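Report on one structure; see the data block that follows.
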Amino acid sequence: MVESKLDAVEIFHIRMRLREPFRTSFGVEHDRECLILKLEAGGFVGWGESVAGQFPGYSYETAQTAWHVLEEFFLPALAQSHLLTPTGLREALKPFKGHPLARAGLEMALWDLLGKREGRSLRDLLGGQRTSVPVGVSIGVQENLDSMLAQIDGYLSQGYQRIKVKIKPGADVEIVAGIRELYPAVRLQVDANSAYRIEDADHLKALDDLDLQLIEQPLAEDDIIDHAALQKHLKTDICLDESILNLRHTIQAVDMGACRIINIKSGRVGGLLEAVRIHDYCLERGIPVWCGGMLETNVGRAANLALAALPGFTLHGDISASDRYYEHDIAVPTFSLNPDSTMDVPSQPGLGVEMDFEALKQFSLRSIRKEF
Ligand code: OSB
Ligand code: MG
């Protein structure tokens with residue numbers, strides 16, 4: 001293992017206009033904010049993306065809280081560490097609780113650095129084999145069926161073979177039934193982002209006849225118990241997103257029957273190391289997993305593609321082509337959709353992306369540089 005010292009770090013808090021506003025049960029985003037991290041060590045540069053956003057809707061973390069814990073705690077701890085690797089970071093951050101989105105962004109930059117030092121792609125480092133992975137598209141909550149059908153029509157004609165739609169009380173069963181009527185065979189799944197309560201079990205039961213691939217995170221993030229009760233009530237597989245922050249949660253949720261499918265996001269679980277652990281456990285137990293998304297730039301998207309190359313990621317991921325998100329990204333290459341609804345996994349060392357410094361500067365709200 002290469003040992004080296006951290007020479008410098010930069011944090012960029014960026015804001016990018018989404019091509020279309022993205023509406024979930026917890027709010028609407030016109031612009032997406034996140035942190036981009038740059039690590040310099042021994043002449044190499046590693047990039048990472050922390051998916052903490054503008055407001056604490058999906059997670060309690062925001063770009064501002066992530067900035068704070070990175071600047072005050074995580075980066076100083078890493079600078080002291082003699083092991084500039086993802087496992088070294090895990091050790092260095094042991095004293096600290098929480099803030100997985102901040103952790104994961106830093107870890108991603110260390111993976112990029114490690115890959116570049118060793119001349120190996122992230123996919124290789126994680127143990128992925130596949131050179132392309134099946135993907136789908138996640139469509140925000142729509143006001144009515146017509147606008148939803150227009151969105152779906154557009155994405156199906158672009159070649160996406162799996163559609164996920166966001167739902168919330170008042171914009172759910174009728175819309176999903178309408179989609180199913182027009183598209184009897186499309187791979188269709190829904191994501192509630194915790195918008196329901198166990199008292200809505202009978203209402204959600206109406207989704208059971210619509211041949212859905214899964215129902216994602218219907219109930220509260222901290223409620224494995226009611227998810228288990230709901231899963232007993234439904235034929236459709238429940239998939240947990242927000243509830244699963246680590247491998248232990250995964251084991252317990254599966255054992256309790258709270259879900260039959262896991263959405264794996266490296267941000268939510270504090271990094272790719274934990275994501276791979278969850279994957280390995282699920283693969284061994286025959287539990288399907290898929291790679292979730294957080295409207296990433298091409299930096300985070302490259303990491304998602306590498307993770308999804310692992311063999312247990314059998315379901316289509318929430319990884320869409322670059323042009324689905326932003327007019328102009330901060331990094332190249334521009335990722336595109338293959339005709340068979342797959343996307344290619346980068347094979348260059350590390351994440352396999354190059355930063356567009358002009359774009360990064362243009363989208364930055366603020367940045368800081370620290371030398372060690
Ligand atoms: O719940 O999966 C989610 C985006 C932001 C926050 C939460 C979620 C999402 C998505 C987007 O569904 C998926 C994507 O990146 O394409
Ligand atoms: Mg989700």
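The values are calculated or read from the model by the stated rules, or taken from the named source; none is laboratory data. From a predicted model like this one, the values you see are computed outputs, not experimental measurements. For neighbour counting, all protein chains shown are included, and Cβ atoms are generated from backbone atoms with ideal geometry for every residue, glycine included. When the accessible area is computed, the model is the full protein with side chains, heavy atoms only, and any ligands, DNA or RNA have been set aside. Shrake-Rupley method; radii C 1.70, N 1.55, O 1.52, S 1.80 Å.
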Subject >> Rounded to 10°, Cα long-axis angle of helix 272-285 versus longest principal axis of the chain >> reply: 40 degrees
Subject >> Top positive-direction residue, dipole computed over the chain with Cβ charges, set HIS99, ALA66, ALA41 >> reply: ALA41
**OP:** Work out the length of the dipole vector of region 31-134 about its Cα centre, built from +1 on the beta-carbon of each Lys and Arg and -1 on the beta-carbon of each Asp and Glu, and round it to the nearest 20 debye.
**Re:** 360 debye
Original post:
Which whole-angstrom value gives the distance between the alpha carbon centres of region 306-372 and region 15-41?
Top reply: 13 Å
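Can you pull the percent of Cα pairs in region 145-253 with separation above 25 Å? List each step's numbers first, then the result.
Details: 1318 of 5886 pairs.
So the pairs more than 25 Å apart make up 22 percent of the total in region 145-253.
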**OP:** Return the single residue from ALA306, ALA77, ALA104 with maximal mean-square fluctuation; model: Gaussian network over the chain, springs between Cα atoms under 10 Å.
**Re:** ALA77
Subject >> For region 160-223, with +1 on Lys and Arg beta carbons and -1 on Asp and Glu, the positive-most of ALA201, ILE215, ILE163 along the dipole >> reply: ILE163
Original post:
With each label point set 7 Å from Cα along the Cα-Cβ vector, what nm distance links HIS328 and SER4?
Top reply: 3.1 nm
**OP:** Distance check, please: which entries in LYS265/LYS370; LYS94/LYS370; LYS164/LYS361; LYS97/LYS168 exceed 25 angstrom between their Cα atoms?
**Re:** LYS265/LYS370; LYS164/LYS361; LYS97/LYS168
Original post:
Using Cα atoms only, what is the angle between the long axis of helix 145-158 and the major principal axis of the chain, expressed in degrees (0 to 90) to the nearest 10?
Top reply: 60 degrees
Original post:
Across bins of 5 angstrom width beginning at 0, how are the C-alpha pair distances of region 40-180 distributed, in whole percent?
Top reply: 2, 8, 14, 13, 12, 13, 12, 10, 8, 6, 2, 0
**OP:** Would you work out the charge dipole size for region 63-108 about its Cα centre, treating the Cβ of every Lys and Arg as +1 and the Cβ of every Asp and Glu as -1, and quote it to the nearest 20 debye?
**Re:** 160 debye
**OP:** Quick one: among THR87, THR65, THR342, which has the greatest mean-square fluctuation in a GNM of the chain with alpha-carbon springs under 10 angstrom?
**Re:** THR87
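Report, please, the projected area of region 319-366 averaged over directions, based on the convex hull of its C-alpha atoms, in nm².
Its average projected convex-hull area is 4.2 nm².
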Subject >> the chain: radius of gyration over Cα atoms, expressed as a fraction of 2.2 N^0.38 Å >> reply: 0.95
Original post:
With each label point set 7 Å from Cα along the Cα-Cβ vector, what nm distance links LEU283 and ASP124?
Top reply: 1.8 nm
Original post:
Any idea what angle helix 173-182 forms with the longest principal axis of the chain, computed on alpha-carbon atoms, 0 to 90 degrees, nearest 10?
Top reply: 80 degrees
Original post:
What does the accessible area of SER347 come to, in Å² to the nearest 10, when a probe of 1.4 Å is used?
Top reply: 80 Å²
Original post:
Can you give the extra length, in nm with one decimal, that the chain gains between ALA185 and ASP200 once fully stretched, where that is 0.36 nm per residue apart less the Cα-Cα distance?
Top reply: 2.7 nm
Subject >> Rg and Dmax [Cα atoms of region 102-141; Å; Rg one decimal, Dmax integer] >> reply: 13.8, 43
**OP:** Would you work out which of GLN252, LEU113, VAL173 lies farthest towards the positive end of the dipole of the chain? Charges go on Cβ: Lys and Arg +1, Asp and Glu -1.
**Re:** LEU113
**OP:** Springs between alpha-carbon atoms under 10 Å, Gaussian network over the chain: tell me which of LEU18, LEU245, LEU35 tops the mean-square fluctuations.
**Re:** LEU18
Subject >> Cα-projected label distance for SER147 with GLU358, points at 7 Å along beta-carbon direction, nm >> reply: 3.5 nm
**OP:** Run through every distinct alpha carbon pair of region 212-358 and return the Kirkwood hydrodynamic radius in angstroms, one decimal place.
**Re:** 16.0 Å
Original post:
How big is the charge dipole of the chain about its Cα centre, in debye rounded to the nearest 20, if each Lys and Arg gets +1 on its Cβ and each Asp and Glu gets -1 on its Cβ?
Top reply: 720 debye
**OP:** Any chance you could run the full-extension gain for VAL28 through ARG248? It's 0.36 nm times the residue separation minus the Cα-Cα distance, nm to one decimal.
**Re:** 76.0 nm
**OP:** Output the direction-averaged projected area (hull surface divided by four) of the convex hull of the alpha-carbon atoms of region 1-105, in nm².
**Re:** 7.1 nm²
Original post:
When the helices in the chain are scored as -39500 (n - 2.57) per DSSP H run of 4 or longer and the sum is shared across all residues, what 222 nm value do you end up with, to the nearest 500 deg cm²/dmol?
Top reply: -9500 deg cm²/dmol
**OP:** Can you tell me how much longer the chain between ASP211 and GLN64 gets when fully stretched, taken as 0.36 nm per residue apart minus their C-alpha distance, in nm with one decimal?
**Re:** 48.9 nm
Subject >> Partner lysines for LYS116 [C-alpha distance under 21 Å; skip if fewer than 8 residues away on the same chain] >> reply: LYS5, LYS38
Subject >> Alpha-carbon Rg/Rh ratio, for region 189-277, with Rh computed the Kirkwood way >> reply: 0.96
